[in-house]
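Student: Right, I'll just put the structure down here and ask away after.
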Amino acid sequence: MANDTLFPINLDIPNVKVIDINMDGYYEIFVESTKEGCNCHKCGKHITKQHGLDREIRLKHLSILEKDTYIIIRLPRYQCESCLKQPTTTQQVSWFIRRSPFTIAYEMYVLSLLIGSNAQEVSQKEGIGYASVLGIINRHVKTNVDWDKIKSLSQLGLDEISLKKGHKDFVTIVSTKVNGEIKILAILKDRKKETVKKFLSSIPKNLVKTIRSVCSDLYDGFINAAKDVFGKRVRIVADRFHVAKLYRGCLDSLRKKELKRLKQDLSKNEYDQLKGAMWVLRKNTNDLSEENKALLDKLFEYSPDLKMAYDFQNDLTSIFNMDLPRKTGKRKINSWITKVRKSNVECYDKFLSTLESYMTEIVNYFVHRDSSGFVEGLNNKIKVIKRRCYGILNVDHLFQRIFLDLSGRKVFSL
């Protein structure tokens with residue numbers, strides 16, 4: 001045993017006094033509470049009549065000099081003279097949670113290790129059980145949003161993701177972006193309209209007033225759920241990047257068809273000169289090198305329809321890139337539709353119907369240029385989390401892990 005006067009240690013734990021230290025490959029630090037009294041668990045009255053000590057508790061704490069450290073304490077018990085039968089109550093302290101084998105400081109440290117890692121790795125690194133790591137997560141990370149900590153929503157994002165690759169077990173990701181910070185609001189068990197409506201209806205009224213827009217892909221369940229809940233008070237915006245994915249897909253389909261035709265019509269030498277055309281077609285026109293442009297010119301020489309479809313794609317992208325009023329944007333898109341219909345290009349036929357069906361939601365983009373690009377970034381992060389954790393099929397656990405990666409450094413920093 002070593003007295004704390006010989007080995008001064010700052011535990012950064014309030015209301016305790018070090019009474020002894022045992023150093024034998026690890027540290028055992030014996031402390032006693034300096035806090036006076038507690039509240040009676042029956043009547044709630046503050047009591048100060050001490051009635052012995054509770055059982056000894058051993059708590060894992062932050063390492064000292066890279067050695068495992070344990071805090072050992074017997075908390076005082078107090079007797080209430082106001083209650084019938086004068087019950088006793090064990091003093092509660094702020095630096096550990098009842099029935100946890102760890103101090104809160106150590107639990108915060110474990111949570112910080114989980115950011116960018118998984119429970120199995122942290123369990124092995126710290127030498128604590130896997131179930132203990134999960135227990136720490138459950139004690140400190142909620143499985144749903146804490147509305148009291150959100151002051152504004154501004155823009156909501158709705159998107160889906162599959163929990164298991166190759167399966168249609170879609171869940172709905174509801175998120176928001178406020179002051180450049182992405183926050184996860186919910187992971188819903190499916191993407192049914194009624195499920196989404198139920199969650200949107202649960203948003204506190206004071207926060208509903210702050211919502212400027214709801215950004216979604218062109219899935220009817222999301223769009224109609226938002227319309228039913230918010231009506232005309234909130235603008236529903238079809239994400240421009242989902243729209244772009246559709247019309248770029250049209251060009252890609254024509255490209256496959258035309259290259260298949262050209263492979264049959266051209267000599268092997270002529271066809272080989274078109275190698276790499278797929279990647280050049282997908283590039284931003286501003287990023288094309290002279291070599292890229294020459295390749296496109298050769299391709300378009302063989303396929304005028306592909307040239308026309310390529311120009312239509314770039315024209316529509318240019319419209320979305322312009323800073324236009326909503327009415328002007330709508331007029332330009334309608335003009336684009338007319339030009340496409342008058343041409344011989346057929347690859348956009350299905351897309352034109354989609355464009356007209358969702359015109360209101362699509363042109364709402366021009367009001368504040370809101371998009372759910374941040375949702376796509378979040379989805380990529382979720383995919384990384386799922387791979388890192390070898391798959392997560394429980395939506396509550398997934399919510400906790402996303403919260404840790406998005407906000408853990410701020411919330412659980414030591």
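Read-outs throughout are calculated quantities, based only on the coordinates presented, and are distinct from any laboratory measurement. Since this is a predicted model, take the numbers as computed values, not measurements. Positions of Cβ are backbone-derived with ideal geometry, glycine not excepted, and every protein chain shown enters the neighbour counts.
Student: How much net charge surrounds LYS232 when only other residues with a Cβ under 15 Å from its Cβ are counted (Lys, Arg +1; Asp, Glu -1)? Intermediate results must be reported in sequence, preceding the final value.
Tutor: Values: positive: LYS209, ARG212, LYS227, ARG233, ARG235, ARG326; negative: ASP228, GLU361.
Net charge in that neighbourhood comes out at +4.
Student: Now, a different point. Take the Cα of SER82, step 7 Å along the line toward its Cβ, and report every residue of segment 19-38 whose backbone nitrogen sits under 16 Å from that point.
Tutor: 37-38
Student: Can you tell me which of SER154, SER82, SER213 moves the most in a GNM of the chain? Springs connect C-alpha atoms under 10 Å apart.
Tutor: SER82
Student: Reachable aspartates and glutamates from LYS35, Cα under 20 Å, same-chain residues fewer than 8 places away excluded?
Tutor: ASP4, ASP12, ASP20, ASP54, GLU56, GLU81
Student: Relative to the Cα centre, what is the charge dipole magnitude of segment 1-96, using +1 at the beta carbon of each Lys and Arg, -1 at the beta carbon of each Asp and Glu, and rounding to the nearest 20 debye?
Tutor: On the way: 12 positive and 12 negative charges, 133 e Å.
Dipole about the Cα centre, nearest 20: 640 debye.
Student: Normalised by the residues of the chain, what does the relative contact order come to in percent, with Cα pairs under 8 Å and at least six apart? Display every interim value, and only then the final one.
Tutor: On the way: 577 pairs, mean separation 59.6, N = 414.
Answer for the chain is 14 percent.
Student: Given a 10 angstrom Cα cut-off, can you work out which residue in HIS41, HIS397, HIS368 is the most mobile in a GNM of the chain?
Tutor: Sorting by GNM fluctuation, first place goes to HIS41.
Student: Might you report the magnitude of the Cβ-based charge dipole of segment 358-398 about its Cα centre, with Lys and Arg at +1 and Asp and Glu at -1, to the nearest 20 debye? Write down the numbers at each step before the final one.
Tutor: Numbers: 6 positive and 4 negative charges, 72 e Å.
Dipole about the Cα centre, nearest 20: 340 debye.
Student: Sticking with this structure for a sec: Which one of LEU114, PRO14, THR195 has its Cα pushed farthest toward the positive end of the charge dipole of the chain, where Lys and Arg give +1 and Asp and Glu give -1 at the Cβ?
Tutor: Most positive-ward Cα: THR195.
Student: Given the rule -39500 (n - 2.57) for each run of at least 4 DSSP H residues, summed and divided by the residues of the chain, what is its mean residue ellipticity at 222 nm, to the nearest 500 deg cm²/dmol?
Tutor: -14000 deg cm²/dmol
Student: Note the full-extension length gain between GLU66 and ASP349 as 0.36 nm times their separation in residues minus their Cα-Cα distance, in nm to one decimal. List each step's numbers first, then the result.
Tutor: Numbers: separation 283, 0.36 × 283 = 101.88 nm, distance 6.70 nm.
Gain on stretching GLU66 to ASP349: 95.2 nm.
Student: If you keep only loop residues by DSSP, which GluC sites (Glu not before Pro) in segment 1-101 have at most 12 other Cβ atoms within 10 Å of their Cβ? List each step's numbers first, then the result.
Tutor: Values: sites: GLU28, GLU32, GLU36, GLU56, GLU66, GLU81; in loops: GLU36, GLU66, GLU81.
Listed in order of number, the matching sites are GLU36, GLU66, GLU81.
Student: Calculate the FRET efficiency for TRP279 and LYS383 from the Cβ-Cβ distance with a Förster distance of 25 Å, rounded to the nearest 0.05. Working shown, then result.
Tutor: Numbers: r = 23 Å, r/R0 = 0.93.
It comes out at approximately 0.60.
Student: If the only charges are +1 at each Lys and Arg Cβ and -1 at each Asp and Glu Cβ, what is the size of the charge dipole of the chain around the Cα centre, to the nearest 20 debye? Walk me through the numbers on the way to the answer.
Tutor: Details: 71 positive and 49 negative charges, 331 e Å.
My answer is approximately 1580 debye.
Student: Would you mind telling me which residue in LEU296, LEU288, LEU393 has the biggest mean-square fluctuation in a Gaussian network model of the chain, where springs connect alpha carbons within a distance under 10 angstrom?
Tutor: LEU288
Student: Among ILE72, LEU266, LEU134, whose Cα sits farthest toward the positive end of the charge dipole of the chain (+1 at Cβ of Lys/Arg, -1 at Cβ of Asp/Glu, about the Cα centre)?
Tutor: LEU266
Student: If you don't mind, there's one more thing I want to ask. Semi-axes of the equivalent ellipsoid for segment 240-368, please: Cα gyration tensor eigenvalues, times 5, square-rooted, ordered largest first, whole Å.
Tutor: Values: eigenvalues 180, 49, 24 Å².
Semi-axes, largest first: 30, 16, 11 Å.
Student: For segment 278-414, what is the relative contact order in percent, using Cα pairs closer than 8 Å and at least 6 residues apart in sequence? Walk me through the numbers before you get to the answer.
Tutor: Values: 46 pairs, mean separation 24.3, N = 137.
Across segment 278-414, relative contact order equals 18 percent.
Student: On to the next question. Just to be sure I understand: if I project the alpha-carbon convex hull of segment 147-277 onto a plane and average over all orientations, what area do I get in nm²? The partial results should precede the final answer.
Tutor: Details: hull surface 44.7 nm².
Averaging across all directions leaves 11.2 nm² for the Cα convex hull.
Student: In addition: What does the extension gain come out to for LEU246 and ARG99, with contour length at 0.36 nm per residue minus their alpha carbon separation? List each step's numbers first, then the result.
Tutor: Values: separation 147, 0.36 × 147 = 52.92 nm, distance 5.44 nm.
Here the segment from LEU246 to ARG99 would lengthen by 47.5 nm.
Student: Cβ under 13 Å from ARG55's Cβ, ARG55 left aside: what net charge do those residues give with Lys, Arg +1 and Asp, Glu -1? Walk me through the numbers before you get to the answer.
Tutor: Details: positive: ARG58, ARG74, ARG77, ARG98, ARG99; negative: ASP54, GLU56.
Net charge around ARG55: +3.
Student: If you wrap a convex hull around the alpha carbons of segment 22-160, what volume per residue comes out, as a whole number of Å³?
Tutor: Numbers: hull volume 27.0 nm³, N = 139.
Spread over its residues, the Cα hull of segment 22-160 gives 194 Å³ apiece.
Student: Select one label from [x] 30.1; [y] 21.5; [z] 25.0: the one whose number is mean projected area of the Cα convex hull in nm² as derived from the coordinates shown.
Tutor: Answer by label: [x].
Student: Also: Cα centroid distance between segment 304-323 and segment 137-189, in Å?
Tutor: Segment 304-323 and segment 137-189 have Cα centres separated by 35 Å.
Student: Considering only DSSP beta bridges whose two residues both sit in the chain, what percent are antiparallel, to the nearest 5?
Tutor: Numbers: 38 of 53 bridges.
Around 70 percent antiparallel, to the nearest 5.
Student: Which pairs break 24 Å Cα to Cα here: LYS177/LYS410; LYS307/LYS327; LYS227/LYS381; LYS245/LYS283? List each step's numbers first, then the result.
Tutor: Working: LYS177/LYS410 16 Å; LYS307/LYS327 29 Å; LYS227/LYS381 28 Å; LYS245/LYS283 13 Å.
As for pairs spanning more than 24 Å Cα to Cα, those are LYS307/LYS327; LYS227/LYS381.
Student: For LYS164, project a label point 7 Å along Cα to C-beta. Then give me every residue of segment 373-404 with its amide nitrogen under 11 Å of that point.
Tutor: Zone members listed by number: 392-394.
Student: For labels at LYS45 and THR210 in the simple 7 Å Cα→Cβ model, what's the distance in nm?
Tutor: So the two model labels end up 4.4 nm from each other.
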